[in-house]
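K.L.:
Handing you a structure now.
Every read-out reported here was derived from the displayed coordinates using simple, explicitly stated rules and does not represent laboratory data. Worth saying up front: this structure is predicted, and the values here are computed from it rather than measured. Glycine gets a Cβ as well: all are built from the backbone with ideal geometry, and neighbour counts include every protein chain shown.
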Amino acid sequence: MGGSRTNISTGPAGRPWRFDLALDGGASVPRQTQLSRAIIQEIRRGRLLPGATLPGSRTLAAQLKVNRKVVVAAVGELVAQGWLEALPARGTRVALNLPTLAVADAEGRRSVGAAPAQRRAAVIAVSDGVPDARIAPVDQLARAQRRALRALTRTGLGYGDAAGDPVLRDVLAGFVNHARGLSCSSEEVVLTRGSQGALSLFALAMLEPGEVVAVEHPGYAPAWRAFRLARAEVVHVPVDAEGLRTDELEAHAKRLKGRLKAVYVTPHHQYPTTVAMSAERRMHLRRICETYRLYIVEDDYDYEYHFEGAPLLPLSATKDLSSRCVYIASLSKLIAPALRLGYIIADRSVVARLSSVRELLDRQGDVVLERAVAELIEDGEVQRHARRARQLYRERRDHLLEQLASRPPLCAALACDPPGGGLALWLRLRGVTSEELARRAHARDVTLTPGSAHVADGSLPAFRFGFAAHTTEELSAICDTLEACLKPDAGAKRR
Ligand SMILES: Cc1ncc(COP(=O)(O)O)c(C=O)c1O
């Protein structure tokens, strides 16, 4: 199918602007993405200046001969990314403060991604898998917080329940029962400062000095540190393509006799390797926890992000085991880490101990935020956001996989088993250590966390590439940098 080509004249910043754009209906890239990329290109080239008003969606759609939905979706994405701003009743204009993106190109340190007036050095942080806060439903949250503050002023701004706002606990119980197959009541929910707060609270309330927690290795090191906070010991259990090696766990359980108290797992997408724990391993893990009376601390940090069909239910959805399950989740990946809102679902006796320690630590949480989030879940806003985010992050994952597969230097140096979900890829390296790659990338203004962050000691030739917080253009730019870093003479050049 042939492309449509159009010239649009308008007067951004008082000057005529000609938008030469060919949308190719037969291309593998959707037209919405073609259009959003073309607009970003115009901004990057400085042809569309900050403050310039765009033609209305009907005009653009008619001129490009596409359905208006394509234009609305492309513009919506660019508003979410911060390139455009929607002005009530006045249309859409180029943002006054553009998202900056500076990446060294192959020849030097020319920065791209910002209009000439805004060009400045900026570092791109490749995270271990954070969501894109630019698409978070912040306006809805702000309005809900205002309403919550008003409503609570009458009766609810005193000291409250250490386990957290009863309304949010009730709403969360319904949410996880419906969406994740759990069967809990609000009395089995404790709100925390994110999952990290949940891990530390579990450690302080449930572990005695000298008791042992088995953890995945490689794994999520901040959890290990939380257990050690309570002077507990940590034993590392290896992970393979099916998740935690349960045979090794059982060997530790036998050896440690009663000292092994809990096992900490990330079965949905193992952190950092992203593998999903197999059904056989899940069953074996349940049997071990029954036999040796271990708590299963299940960190379900990214349950919403499954891209291929329905995800496996959490281990904590198993009724016969529920008294030994400590289920931890948070809104950090679902909405944004800065909310610092997480929760634990556990047996009532465990909840009582957690609550009494929480009372000593920070008395209670942020009741205004908690009540507002309850409203957003009840209204379905959080669920709508999750659906939008899932779709967007799937596109970003696919784009990154495509970039990695289509560039020979990246194919040669990086291997990946595409995960069925989550917010990051686990890239295994050939021919270069992750520390060396991180050094080379840093010299080109891109930071990444080397594999050594996820092991007890030594290094690991792999790293997590969080894709969700980056637009497809940003992902391509990061791949440009990685490609430059992985050329045979890259290390020598930059030293
Ligand atoms: C496996 C895992 N657990 C817990 C956390 C902590 O999340 P929160 O922001 O909810 O404390 C993270 C954050 O990246 C994580 O990756």
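K.L.:
Need one number: % antiparallel among DSSP beta bridges in the chain, to the nearest 5.
P.N.:
On the way: 30 of 50 bridges.
Bridges in the chain that DSSP calls antiparallel: roughly 60 percent.
K.L.:
Continuing with this model, one more query. Could you work out the mean projected area of the convex hull around the alpha carbons of region 172-293, in square nanometres to one decimal? Please list the in-between numbers first.
P.N.:
Values: hull surface 30.7 nm².
Projected area, direction-averaged: 7.7 nm².
K.L.:
Tell me which trypsin sites (Lys or Arg not before Pro) from region 159-251 have a DSSP coil assignment and no more than 16 other beta carbons within 10 Å of their own. It would help to have the intermediate numbers written out before the result.
P.N.:
Values: sites: Arg169, Arg180, Arg193, Arg225, Arg228, Arg231, Arg245; in loops: Arg193, Arg231, Arg245.
Here the trypsin sites (Lys or Arg not before Pro) that fit, given the DSSP loop and packing criteria, are Arg231.
K.L.:
Further question on the same structure: Over all directions, what mean area does the Cα convex hull of region 138-379 project, stated in square nanometres? Write out the running numbers ahead of the final one.
P.N.:
Numbers: hull surface 50.3 nm².
One quarter of the hull surface, i.e. the mean projection, equals 12.6 nm².
K.L.:
When only alpha-carbon atoms are used, what values of Rg and Dmax, in angstrom, describe region 445-495?
P.N.:
Here Rg and the maximum Cα pair distance are 13.0, 35 Å.
K.L.:
Same structure again: If you count the DSSP beta bridges with both ends in region 204-291, what percent of them are antiparallel, to the nearest 5? The partial results should precede the final answer.
P.N.:
Values: 2 of 12 bridges.
Antiparallel: roughly 15 percent of the beta bridges in region 204-291.
K.L.:
May I pose another question? So how tilted is helix 246-256 from the main axis of the chain? Cα-based, degrees 0 to 90, rounded to 10.
P.N.:
Helix 246-256 sits roughly 40 degrees off the main axis of the chain.
K.L.:
Could you state the angle between the C-alpha long axis of helix 472-486 and the longest principal axis of the C-alpha atoms of the chain, as a value from 0 to 90 degrees rounded to the nearest 10?
P.N.:
80 degrees
K.L.:
Using a basic spin-label model with each label point 7 Å from the Cα along Cα→Cβ, how many nm lie between Arg47 and Leu361?
P.N.:
Spacing of the two 7 Å Cα→Cβ label points: 5.5 nm.
K.L.:
What list of ³J(HN,Hα) values in whole Hz, one per residue of region 366-378 in order, does the Karplus curve 6.51 cos²θ - 1.76 cosθ + 1.60 (θ = phi - 60°) give from phi, with Gly and Pro shown as x?
P.N.:
In residue order, the calculated couplings are 8, 5, 5, 4, 4, 5, 5, 5, 4, 5, 5, 6, 4 Hz.
K.L.:
Using label points projected 7 Å from each Cα along Cα→Cβ, tell me how many nm separate Arg430 and Ala62, to one decimal.
P.N.:
Modelled inter-label distance: 5.6 nm.
K.L.:
Now a separate question. What ranking, highest mean first, results for peptides 341-347, 329-335, 272-278 when packing means the other Cβ atoms within 10 Å averaged over each residue? Write out the running numbers ahead of the final one.
P.N.:
Values: 341-347: 25.3, 329-335: 23.6, 272-278: 21.7.
Ranking the peptides 341-347, 329-335, 272-278 by packing returns 341-347, 329-335, 272-278.
K.L.:
If r is the Cβ-Cβ distance from Ala22 to Gln391 and R0 is 25 Å, what FRET efficiency results, to the nearest 0.05? Spell out each step's value before the answer.
P.N.:
On the way: r = 26 Å, r/R0 = 1.03.
Plugging the Cβ-Cβ distance into 1/(1 + (r/R0)^6) gives 0.45.
K.L.:
May I ask for the angle, rounded to the nearest 10°, between helix 348-361 and the longest principal axis of the chain, with both axes built from Cα atoms and the value confined to 0 to 90°?
P.N.:
70 degrees
K.L.:
Can you tell me the length gained on complete extension of the stretch Thr155 to Ser349, counting 0.36 nm per residue apart and subtracting the Cα distance? Provide the component values of the computation, followed by the final result.
P.N.:
Details: separation 194, 0.36 × 194 = 69.84 nm, distance 2.89 nm.
This chain segment gains 66.9 nm when fully extended.
K.L.:
In a Debye calculation with equal point scatterers on the alpha-carbon sites of region 407-449 and no solvent, what is log10 I(q)/I(0) at q = 0.18, 0.29, 0.31 Å⁻¹?
P.N.:
Taking Cα atoms of region 407-449 as identical point scatterers yields -0.61, -1.10, -1.12.
K.L.:
Could you give the semi-axes, largest first, of the ellipsoid that matches region 350-495, computed as the square roots of 5 times the alpha carbon gyration tensor eigenvalues and rounded to whole Å? List each step's numbers first, then the result.
P.N.:
Working: eigenvalues 284, 94, 36 Å².
So the equivalent ellipsoid measures 38, 22, 13 Å along its semi-axes.
K.L.:
Under a no-solvent Debye model with one identical scatterer per Cα of the chain, what's log10 I(q)/I(0) at q = 0.06, 0.10, 0.12 Å⁻¹?
P.N.:
With one equal scatterer per Cα and no solvent, log10 I(q)/I(0) is -0.32, -0.86, -1.15.
K.L.:
Using a 10 Å cut-off on Cβ atoms, rank the peptides 288-301, 393-406 from the highest mean neighbour count down. Mind dumping the intermediate values first?
P.N.:
Working: 288-301: 20.1, 393-406: 18.4.
Final packing ranking: 288-301, 393-406.
K.L.:
Pop the C-beta distance of Ser459 and Gln383 into the FRET formula with R0 = 51 Å and round what comes out to the nearest 0.05.
P.N.:
0.80
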